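Novice: Have a look at this one.
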Number of protein chains: 2
Amino acid sequence: MHNFAIALHGGAGTISPDTMTPEKYTAYTQGLKKALDIGYELLAARASSLDAVEAAVKSLEDCPLFNAGKGAVFNNAGKHEMDAAIMFGLDKTAGAVCGISIARNPVQAARAVMERTQHVLLSGAGANAFAREQNLPCEHDDYFYNQFRFEQWQESLAEGKVQLDHSEKKMGTVGAVALDCMGNLSAATSTGGMTNKKYGRVGDSPLIGAGTWADNKTCAISCTGHGELFIRSVVAYDIACLMEYKGLSLQEACDKVVMEKLVAIGGEGGLVAIDAAGNIQMPFNSSGMYRAMRTSNGKEEIAIYGSDEKVV
Amino acid sequence: MHNFAIALHGGAGTISPDTMTPEKYTAYTQGLKKALDIGYELLAARASSLDAVEAAVKSLEDCPLFNAGKGAVFNNAGKHEMDAAIMFGLDKTAGAVCGISIARNPVQAARAVMERTQHVLLSGAGANAFAREQNLPCEHDDYFYNQFRFEQWQESLAEGKVQLDHSEKKMGTVGAVALDCMGNLSAATSTGGMTNKKYGRVGDSPLIGAGTWADNKTCAISCTGHGELFIRSVVAYDIACLMEYKGLSLQEACDKVVMEKLVAIGGEGGLVAIDAAGNIQMPFNSSGMYRAMRTSNGKEEIAIYGSDEKVV
């Protein structure tokens, strides 16, 4: 039996230790641990990596602490527009949605696009209609209502801030990558986007090659960060190309892209990555990234800052 | 003064010589030549490649023969949902719209996203609101009405065909790439998508790295073809990576991706590409691709099939 492993993130950015209470730290790490355990246990039961990343991301979407699904931020109109993608490394099939507002779990809608249509990306009202037709669990606006997110939005509105301010409260994404016991890689990403975003803005999360990528030949990647710069850098596929065409290791490719190329253009953020051997990388150039990983070889880690004591 | 050049396409696919009358052939090649001349003359007047590709794509959007702008196909609801992207190779800035329905020239909306926002991709109703706020030329549904496209749609509806049938009438895109006398590369792509498409389906055209790419270090690319397979192959950026990381020439990289990798997965279509030296490639694995190119070194070509006599 092939070894297996999973890694996930709950967003990256300017996560200030000053505003982090022990209670919040515990809540975040518990949210990460719950998703990690769900994904890991599926892998241990010989489930596919696709099932594992979907289940882990669903768990993060269901947790109001993270900006995806139930915890999605408010857009400028006081609504929730969510994006998600999923990709299977065996045959590079992929599905994604952008600007979906009614799916309880956007990652589930992305998987339905992948498995039940011949398309890759469905958007907006069309994506909502698809979710309804497929009988995916749908929710009204009040499901996504969250006092904390509402106050964030009110504050952004009052400050008249453009959507681009990357303070802690403005960005966030969740994602997972996994290797299963059949040797197949998968990746999934989900986000509520930026607080107070306008004009149907779409970031990198639902874009195959930018925020999400999986190919058994190289790696599976899920990104989080300044979406526009991640799109223009085709971050996830760039790492795969550095491995395939230049012979870099996963770690070398991740360091090159996250710590050099993105830093050079001010592209704040990070990603989780796994290769076909089960090696995991979780690089970030921001002050923190909510992250967790566990391998069948006994490695486990849950962390937020670069140098915080590992929870596990 | 640096040499300069432009190449453009008006879509690829199963373009049957049997249904091509001399009149139609002339009309298509005249549409291509008009766009080519507009772009070329801008370059000759020392305009930037960004201006040249935008103007060439606008000209193709304004021509009802091509599936973009005025000639955009009908979706399942009898509406027009258009996608476009533009990218500048000097600094890899980019802008794109998907599911826009009121902009006379979606490529112009894409450029406004690039130059007047901090975003890369705006979608649906939000993209429409943005176009209106920016005072871009907007049109009502009747502007996009076209008897031929309407009959195509009625036929698709009657046949109950899913959106995936890639017959001549179901696909189409326009695009341009250029090198200007300052040595800067640009690319732009625009499409009405697939006839009878549902659910806000988005193809590769507006996705940076998939259907559109420009980087002075490597090349500028605009794709046309089976969008889903082009997305999953990150076609445009793959060619750039094969050049940068593997040292392939533009021709070798284009052949590898279009004639080998895409063929292996049934990804029908083609692309126009230009490198920093002004070399142009216009590969396609379908029976035809509407295409044209002209360089300051005196090369000019307008063609539809692989072996038709070149018009110029």
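The values are calculated or read from the model by the stated rules, or taken from the named source; none is laboratory data. As the structure is a prediction and not an experimental result, all values here were calculated from the model. Counting neighbours? That spans all protein chains shown, and the Cβs are built from the backbone with ideal geometry, glycine included. Surface areas here come from the heavy atoms of the whole protein model, side chains and all, with no ligands, DNA or RNA. Shrake-Rupley method; radii C 1.70, N 1.55, O 1.52, S 1.80 Å.
Novice: Of all the strands (runs of 3 or more DSSP E) wholly in segment A:1-114, which have at least 3 residues that are under 13 Å from the mean Cα position of the chain (by Cα)?
Specialist: Here the list reads A:5-13, A:82-88.
Novice: Counting just the residues of segment B:72-83 that are among the charged types (D, E, K, R) and more than 14 Å from B:T189 (Cα to Cα), which one comes out farthest from the other protein chains (Cβ to nearest Cβ)?
Specialist: Top of the filtered list is B:K79.
Novice: Out of (1) in contact with a Ser or Thr (Cβ under 8 Å, 6 or more places away or on another chain); (2) farther than 20 Å from B:A273 by Cβ, what's the single condition that is false for B:A45?
Specialist: (1)
Novice: Working only within segment A:204-218, note down all residues that are out of contact with any Leu (no Cβ under 8 Å at 6 or more places or on another chain), more than 9 Å from every other protein chain (Cβ to nearest Cβ) and part of a strand (DSSP E or B).
Specialist: A:T212
Novice: Next up: Do you know which of the residues in segment B:84-109 that are touching an Asp or Glu at 6+ places or on another chain (Cβ under 6 Å) and farther than 23 Å from B:P64 by Cβ is nearest to the other protein chains (Cβ to nearest Cβ)?
Specialist: Result: B:K92.
Novice: Separate question: Does any residue in segment B:229-248 that is closer than 13 Å to B:G203 by Cβ come within less than 6 Å, Cβ to Cβ, of a residue that is outside any helix (DSSP H, G or I) and open to solvent by 10 Å² or more (accessible area, probe 1.4 Å) six or more places away or on a different chain, and which pairs are these?
Specialist: B:L229/B:I265; B:I231/A:I208; B:R232/A:K92
Novice: Of the conditions (1) open to solvent by less than 30 Å² (accessible area, probe 1.4 Å); (2) within 14 Å of chain A (Cβ to nearest Cβ); (3) not polar (S, T, N, Q), B:F66 clears all except one; give me its number.
Specialist: For B:F66, the failing item is (2).
Novice: Next up: Go through segment B:224-255 and report how many residues are within 16 Å of B:Q281 (Cβ to Cβ), of a type outside the set (G, A, S) and assigned to a loop (DSSP other than H, G, I, E, B).
Specialist: Residues in segment B:224-255 being within 16 Å of B:Q281 (Cβ to Cβ), of a type outside the set (G, A, S) and assigned to a loop (DSSP other than H, G, I, E, B): 1 in total.
Novice: Answer yes or no: is there a residue in segment A:1-14 that is farther than 15 Å from A:A178 by Cα, touching a residue at least 12 places away in the same chain (Cβ under 8 Å) and touching an Asp or Glu at 6+ places or on another chain (Cβ under 6 Å).
Specialist: yes
Novice: Within segment A:105-154, can you find the residues that are touching a Ser or Thr at 6+ places or on another chain (Cβ under 8 Å) and of a type in the set (V, I, T)?
Specialist: A:V107 - this is the single residue of segment A:105-154 that is touching a Ser or Thr at 6+ places or on another chain (Cβ under 8 Å) and of a type in the set (V, I, T).
Novice: Same structure again: Would it be correct to say that A:I221 is within 14 Å of chain B (Cβ to nearest Cβ), under 22 Å from A:M282 (Cβ atoms) and not in a strand (DSSP E or B)?
Specialist: no
Novice: Restricting the search to segment A:110-147, which residues are open to solvent by 20 Å² or more (accessible area, probe 1.4 Å), more than 8 Å from every other protein chain (Cβ to nearest Cβ) and either in contact (Cβ under 8 Å) with a residue 60 or more places away in the chain or touching an Asp or Glu at 6+ places or on another chain (Cβ under 8 Å) (or both)?
Specialist: A:R111, A:D141, A:Y143, A:N146 - these are the residues of segment A:110-147 that are open to solvent by 20 Å² or more (accessible area, probe 1.4 Å), more than 8 Å from every other protein chain (Cβ to nearest Cβ) and either in contact (Cβ under 8 Å) with a residue 60 or more places away in the chain or touching an Asp or Glu at 6+ places or on another chain (Cβ under 8 Å) (or both).
Novice: Can you tell me how many residues in segment B:276-288 are in a strand (DSSP E or B) and modelled with pLDDT under 95?
Specialist: Number satisfying all stated conditions: 1.
Novice: A follow-up question, please. What number of residues within segment A:60-70 satisfy the criterion of being in contact with a strand residue (DSSP E or B) (Cβ under 9 Å, 6 or more places away or on another chain) and under 23 Å from A:A158 (Cβ atoms)?
Specialist: Residues that pass the stated criteria total 1.
Novice: Give me the pairs, please: first residue somewhere in segment A:274-295 and over 15 Å from A:S186 (Cα atoms) and open to solvent by 10 Å² or more (accessible area, probe 1.4 Å), second residue anywhere and assigned to a strand (DSSP E or B) and among the basic types (K, R), beta-carbon distance under 7 Å, and either six or more positions apart or on two chains.
Specialist: A:M282/A:R291
Novice: Scanning for something in contact (Cβ under 8 Å) with a residue 24 or more places away in the chain and crowded, with 23+ Cβ neighbours inside 10 Å, does segment A:17-27 turn up at least one residue?
Specialist: No, the conditions are met nowhere in segment A:17-27.
Novice: State all residues of segment A:176-203 that are part of a strand (DSSP E or B) and not aliphatic (A, V, I, L, M); if no residue qualifies, say none.
Specialist: Scanning segment A:176-203 gives A:S186, A:T189, A:S190, A:T191, A:R201.
Novice: Evaluate segment B:227-244: report whether one residue or more is facing chain A (nearest Cβ under 9 Å), open to solvent by 30 Å² or more (accessible area, probe 1.4 Å) and under 29 Å from B:N3 (Cβ atoms).
Specialist: yes
Novice: Read through the list (1) modelled with pLDDT of 95 or more; (2) among the basic types (K, R); (3) surrounded by fewer than 22 Cβ atoms within 10 Å (Cβ to Cβ), then give the number of the only condition that A:K310 fails.
Specialist: (1)
Novice: State all residues of segment B:253-290 that are touching a Phe, Trp or Tyr at 6+ places or on another chain (Cβ under 8 Å) and closer than 16 Å to B:L32 by Cβ; if no residue qualifies, say none.
Specialist: Correct list: B:G270, B:L271, B:G288, B:Y290.
Novice: Still on this structure, please answer the following. Residues in segment A:184-206: is at least one at pLDDT 95 or above, small (G, A, S) and surrounded by fewer than 21 Cβ atoms within 10 Å (Cβ to Cβ)?
Specialist: No, segment A:184-206 contains no residue that is at pLDDT 95 or above, small (G, A, S) and surrounded by fewer than 21 Cβ atoms within 10 Å (Cβ to Cβ).
Novice: Can you work out which of the residues in segment B:245-268 that are in contact with a strand residue (DSSP E or B) (Cβ under 6 Å, 6 or more places away or on another chain) and open to solvent by 10 Å² or more (accessible area, probe 1.4 Å) is nearest to the other protein chains (Cβ to nearest Cβ)?
Specialist: Checking each candidate, the answer is B:E268.
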